[in-house]
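The values are calculated or read from the model by the stated rules, or taken from the named source; none is laboratory data. Just so it is clear, the model here is predicted, and its values are computed rather than measured. Cβ coordinates were reconstructed from backbone atoms using ideal geometry, including for glycine residues, and neighbour counts include every protein chain displayed. With ligands, DNA and RNA removed, areas are computed over all heavy atoms of the protein, side chains included. Shrake-Rupley method; radii C 1.70, N 1.55, O 1.52, S 1.80 Å.
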Amino acid sequence: MSRLTYHQRLQQVLHGFAKDGQETIVYQELVHKICAQFLAQKTLYGQRYKCRILASVKREVRARRLRLYAYLHSPVVKFTPAGLRFYAAMGTITLYSRDDLRKKYLTIRQLEKHSSLLVSVVDGVQDAFVEFRGAAARIDNMEAVPAAVKDLCDNLERLQVLNSHLELQINYAEGKKMRLLNKLGARVAEGSRE
């Protein structure tokens with residue numbers, strides 16, 4: 001496994017804070033979390049770790065994702081609105097609609113990643129249909145997917161209603177059986193007293 005840079009470690013820590021919705025972070029806590037990553041991997045951080053972490057924070061400030069308030073008694077780092085969105089979405093893939101203009105500006109690698117993600121989603125849907133409806137349920141036309149999903153949900157709802165009716169009938173039969181056994185048991189007990 002390749003070693004992460006201080007900047008990559010900082011981004012991982014900031015991603016965790018953004019997911020938790022914490023917009024303001026004490027700088028020392030940030031340094032502590034980055035050092036904890038090194039210790040968790042049983043590696044040592046360098047002698048100049050504070051300088052490198054500060055350089056990474058300044059890099060994020062220049063990217064306008066963070067604000068550093070170093071003049072306070074205990075320095076504080078705050079997310080900008082764009083930084084909060086960036087770090088909350090870090091590591092995810094954005095799905096674009098068919099006619100989204102942002103797709104024009106994607107690189108070939110990003111387009112390949114986007115299309116492979118879509119293919120995996122479609123394959124998952126296909127597998128679900130095959131699992132629940134058999135091999136005859138294979139859908140080759142994407143326009144047929146919404147109707148097939150609606151049909152599948154309707155069938156599931158119908159089966160749930162039938163199941164509840166069946167449970168009622170079973171419970172009624174069990175109750176009738178218990179009442180008969182109680183009456184029979186009462187008559188047997190009366191006959192043994194005489």
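Chymotrypsin sites (Phe, Trp or Tyr not before Pro) within region 48-93: which are DSSP loop residues with at most 11 other Cβ atoms inside 10 Å?
Tyr71
Treating only the Cβ of Lys, Arg, Asp and Glu as charged (+1, +1, -1, -1), what charge dipole size does the chain show about its Cα centre? Round to the nearest 20 debye.
Using Cβ point charges on Lys, Arg, Asp and Glu, the chain gives about 1440 debye.
Using Cα springs under 10 Å in a Gaussian network model of the chain, which residue among Gly175, Gly21, Gly91 shows the largest mean-square fluctuation?
Checking each option, the largest mean-square fluctuation is seen for Gly175.
Under a 10 Å cutoff between Cα atoms, tell me which one of Val119, Val161, Val26 has the largest fluctuation in the Gaussian network model of the chain.
Greatest mean-square fluctuation among the candidates belongs to Val161.
How big is the charge dipole of region 27-85 about its Cα centre, in debye rounded to the nearest 20, if each Lys and Arg gets +1 on its Cβ and each Asp and Glu gets -1 on its Cβ?
260
Which angle from 0 to 90°, rounded to the nearest 10, does the C-alpha axis of helix 49-62 make with the longest principal axis of the chain?
Here the helix axis deviates by roughly 80 degrees.
Which whole-number percent is the relative contact order of the chain (Cα, under 8 Å, 6+ apart)?
Reported as a whole number, the value is 15 percent.
Output the 0 to 90 degree angle, nearest 10, between the alpha-carbon long axis of helix 27-40 and the longest principal axis computed from the alpha carbons of the chain.
With rounding to tens, the tilt is 70 degrees.
Pop out the Kirkwood hydrodynamic radius of region 4-109 from its pairwise C-alpha distances, inverse of mean 1/r, in Å to one decimal.
After inverting the pairwise mean of 1/r, the radius is 15.2 Å.
Rounded to the nearest 500, what is the 222 nm mean residue ellipticity of the chain from helices alone, with -39500 (n - 2.57) per DSSP H run of 4+ residues and division by all residues?
Value at 222 nm, helices only: -22500 deg cm²/dmol.
State the answer as a single residue: which of Gln126, Tyr49, Gly185 lies farthest towards the positive end of the charge dipole of the chain, with beta carbon charges of +1 for Lys and Arg and -1 for Asp and Glu, about the Cα centre.
Working it through, the farthest residue towards the positive pole turns out to be Tyr49.
Out of (i) 13.0; (ii) 25.1; (iii) 16.6, which label holds the value of mean projected area of the Cα convex hull in nm² that was computed here?
Matching the structure shown: (ii).
Where the accessible area of the chain is counted over protein heavy atoms with a 1.4 Å probe, how much of it, in %, is carbon and sulfur?
Ligands and nucleic acids excluded, carbon and sulfur give 57 percent.
Find the relative contact order for region 53-168 and round it to a whole percent, using C-alpha pairs within less than 8 Å whose residues are 6+ positions apart.
That works out to 10 percent.
Give the residue list of GluC sites (Glu not before Pro) in region 1-77 that are DSSP loop and have at most 14 other beta-carbon atoms within 10 angstrom.
Sites meeting the loop and neighbour criteria: Glu23.
Using the Cα centre of region 52-122 as the reference point, and only Cβ charges (+1 on K/R, -1 on D/E), how large is the resulting charge dipole? Debye, rounded to the nearest 20.
Around 320 debye, computed over region 52-122.
Cβ under 12 Å from Ser164's Cβ, Ser164 left aside: what net charge do those residues give with Lys, Arg +1 and Asp, Glu -1?
-1
Between 0 and 90 degrees, rounded to the nearest ten: what's the tilt of helix 108-133 against the longest Cα principal axis of the chain?
Orientation of helix 108-133: about 10 degrees from the principal axis.
Could you tell me which residue out of Ser97, Gly175, Leu39 lies farthest along the dipole of the chain toward its positive end? Charges go on the beta carbon: Lys and Arg +1, Asp and Glu -1, centred on the Cα centre.
Toward the positive end, the furthest listed residue is Leu39.
Mind checking which of Lys78, Lys150, Lys33 has the largest fluctuation in a GNM of the chain, springs on alpha carbons under 10 Å?
Maximum fluctuation in the GNM of the chain, among the listed residues, is at Lys150.
Rolling a 1.4 Å sphere over the protein heavy atoms, what is the accessible area per residue of region 50-161, to the nearest Å²?
For region 50-161, the solvent-accessible area averages 76 Å² per residue.
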